[in-house]
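One structure is given below, encoded as structure tokens.
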Amino acid sequence: MLVVEALSRPNLFPASFTLEDGECVVVRGPSGAGKSLLLRALADLDPSEGRVVLDGAERDAMPAPRWRSLVGYVPAEPGWWAETAREHFLDWDSLAPLARRLNLRDGIGDDPVARLSTGERQRLALLRALERRPRVLLLDEPTSALDPDSTHQAEAILAEWRAETGMAVLWVSHDPTQAPRVATRALIVERGSVREERA
Amino acid sequence: MSYIRLDLFDILIAGVLVLMNGALSVALGLGIARKMLVAAIRMVVQLLLVGMVLTWLFATVSPWLTMAIAFAMVLFAGREIMARQDRRLTGWWGYGLGTGCMFLAAGVVTVFGLTTQLRPDPWYDPRYAIPLLGMVLGNTMTGIALGLNTLSGAVRLRRSAIEARLALGDDRRQAMAPLVRQALSTAMTPVVNSMAATGLVSLPGMMTGQILGGVEPVEAVKYQILVMFLIAGGSGLGAVVAVLGGARRLTDGRHRVRLDRLE
């Protein structure tokens, strides 16, 4: 379980909420309201105040790389540090079945990342994060560039993954129809304030 | 050892070439005649002053004076490193990192050269220490400035790639490694190129100066090789410490990218 108490940073007022094991909570709100700032603060990619606890372990008491291997983060525009897709994975070949389910074509692993479409990069970034088997996954509009079929596939895979591993998901989405499909609760972010309501 | 002394008239004749450049600039409308004249006058005044200071310094052979002059040279070079950055580190780091690394690298290499190879008596004899430091400093400064500028530019441009690795659980050393390599490679390029081209494409100023001063070419070459090795050592050491220090400063203890530490 992820417990967040009075988490704040510049442009984000103190936010408190919990995320149960296997739960998916959607994060909604207008552009620029602070949704990505909230996710970055949770991933400890920006300095923040407050308390974040995962399964009883304080974030600030564990090394940041360890924290981020437990709390994965997929930004809206994922970064790439190597030339081909497969170089970004621990074991690309073992992920082939999952890649196929996400409608990624065979052989994409050997393509230069720069030549891939936005949608392909989004799905690869999701796979890359899942490969590390995080306890919590922070997703920033992970399906914004996907066609409906790929979107449903991604939602289905994440639902299965949550059920099987107990991974919790915090999912930023602008799609009003997606929220009730994937989550039961929602965090609404407006002008840096976070409040909770039903998805 | 014999050399041909120059008198004022010889220098004035050579100065005609600069005037000729100025005249060409006016005739072709290049608009650099004034700049060139000012630069030429600055060069003459600066060199005359340096000549006087060195004459006085060499006559005194004082360890404190030599150290003070060396210190001033490092401080000026530190300013130059800062001026060559597109985006400097904020606060004291902007000046301190480059200057500190240069102080360390150029200082270590110069003292090494003086105490183990040249061995003047006393070892800090300014006739050897100051010119040697000057040559090492000039090249070390270029290496550090290039390394730091490349690093800060790359961190700005490739922030999302660095954070992608951090977000997957890599530490800052792993995430920054490709950028550190790129910055160090850029920093060392001038020294490598200059070593490769020396003797074929260019005859180094120090060596030609010695030959004009009456030194046997083989002796001048030996000095030049020694100086090139010292320069390579100084540039490498300075750039490594500066780039690693820069990479550390542009991240923090929680392994985050800290672009807010750049101006």
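Largest GNM mean-square fluctuation among B:Val180, B:Val16, B:Val201, using chain B with Cα springs under 10 Å: B:Val16. Shielding by partners for peptide B:73-84, expressed as the average number of C-beta atoms from other protein chains within 10 Å of each residue's C-beta, is 0.
In chain A, the DSSP beta bridges split such that about 55 percent are antiparallel, to the nearest 5.
Would you mind calculating the relative contact order of chain A from Cα pairs under 8 angstrom and at least 6 residues apart, reporting the percent as a whole number?
Values: 358 pairs, mean separation 65.4, N = 199.
The normalised contact order for chain A reaches 33 percent.
Counting Cβ atoms of other protein chains within 10 Å of each Cβ in B:250-258 and taking the mean gives 4.
Put simply, the Cα atoms of the protein assembly as shown extend 92, 48, 42 Å along their principal axes, the longest span coming first.
Quantify how much of the Cα-Cα distance distribution of chain A extends past 23 Å, in percent. Before the final figure, lay out each step's value.
Working: 8119 of 19701 pairs.
Taking all Cα-Cα pairs of chain A, the fraction more than 23 Å apart is 41 percent.
Given the rule -39500 (n - 2.57) for each run of at least 4 DSSP H residues, summed and divided by the residues of chain B, what is its mean residue ellipticity at 222 nm, to the nearest 500 deg cm²/dmol?
Helices in chain B give a 222 nm mean residue ellipticity of -26500 deg cm²/dmol.
Within the listed set B:Ile162, B:Ile211, B:Ile13, the Gaussian network model of chain B (springs between alpha-carbon atoms below 10 Å) gives the highest mean-square fluctuation for B:Ile13. Using Cα centres only, tell me the gap between the range B:153-214 and the range A:42-83 in whole Å. Using only Cα atoms to place each centre, the spacing works out to 32 Å.
Near A:Met1: Cβ cut-off under 11 Å, other residues only, Lys/Arg at +1 and Asp/Glu at -1. The net charge is -3.
Charge tally around A:Ala64: other residues with Cβ under 10 Å, Lys/Arg +1 each, Asp/Glu -1 each, net +2.
Cα centroids of the range B:91-119 and the range A:122-177: 52 Å apart. Comparing B:Gly98, B:Val109, B:Tyr124 along the charge dipole axis of the range B:78-124, the residue lying farthest to the positive side is B:Gly98, per the Cβ-charge model. Whole-Hz Karplus values for the range B:223-229 come out as 4, 5, 4, 4, 5, 4, 5 Hz, taken residue by residue from phi with 6.51 cos²θ - 1.76 cosθ + 1.60 and θ = phi - 60°; glycine and proline positions read x. Ellipsoid fit via the Cα gyration tensor, the range B:201-258: semi-axes of 42, 9, 7 Å, each the root of five times an eigenvalue, largest first. For the range B:1-60, the pair-distance distribution built from all alpha carbon pairs, in bins 5 Å wide starting at 0, is 4, 15, 16, 20, 17, 11, 8, 5, 3, 1 percent.
What range in chain A is the longest one free of trypsin sites (Lys or Arg not before Pro) that are in a loop by DSSP and have at most 14 other Cβ atoms within 10 angstrom? Can you show the working numbers first?
Working: sites that count: A:Arg105, A:Arg191.
Between exposed loop sites, the widest span is A:1-104.
Hey, if you put +1 on the Cβ of every Lys and Arg and -1 on every Asp and Glu Cβ in the protein assembly as shown, which of A:Val25, B:Ile4, A:Gly166 ends up farthest toward the positive end of that dipole? Comparing the listed Cα positions along the dipole, B:Ile4 ranks first.
From the P(r) of chain B, could you give the percentage of C-alpha pairs in the tail past 22 Å? Roughly 65 percent, once rounded to a whole number. Per residue of peptide B:170-176, the mean number of Cβ atoms on other chains within 10 Å of the residue Cβ is 2. The sum of -39500 (n - 2.57) across all DSSP H runs of n ≥ 4, divided by the residue count of chain A, sets its helix-only mean residue ellipticity at 222 nm to -8500 deg cm²/dmol. Using only the C-alpha atoms, the convex hull of the range A:68-121 corresponds to 102 Å³ per residue. Projected label points at B:Arg258 and B:Gln174, each 7 Å from Cα along the beta carbon direction, are separated by 2.2 nanometres.
Each Lys or Arg adds one and each Asp or Glu takes one away; over the other residues whose Cβ falls under 14 Å from the Cβ of B:Thr208, this sums to -2. Highest GNM mean-square fluctuation among A:Ala61, A:Ala168, A:Ala145, for chain A modelled with Cα contacts below 10 Å: A:Ala61. Any idea what angle helix B:92-112 forms with the longest principal axis of chain B, computed on alpha-carbon atoms, 0 to 90 degrees, nearest 10? Taking the Cα atoms of chain B, the angle to B:92-112 is about 50 degrees.
None of the figures in this text is laboratory data; all of them are computed from the coordinates on show. On a predicted model such as this, the values are computed, not experimentally measured, just so you know. In this analysis, Cβ positions are derived from the backbone assuming ideal geometry, glycine residues included, and neighbour counts consider all displayed protein chains.
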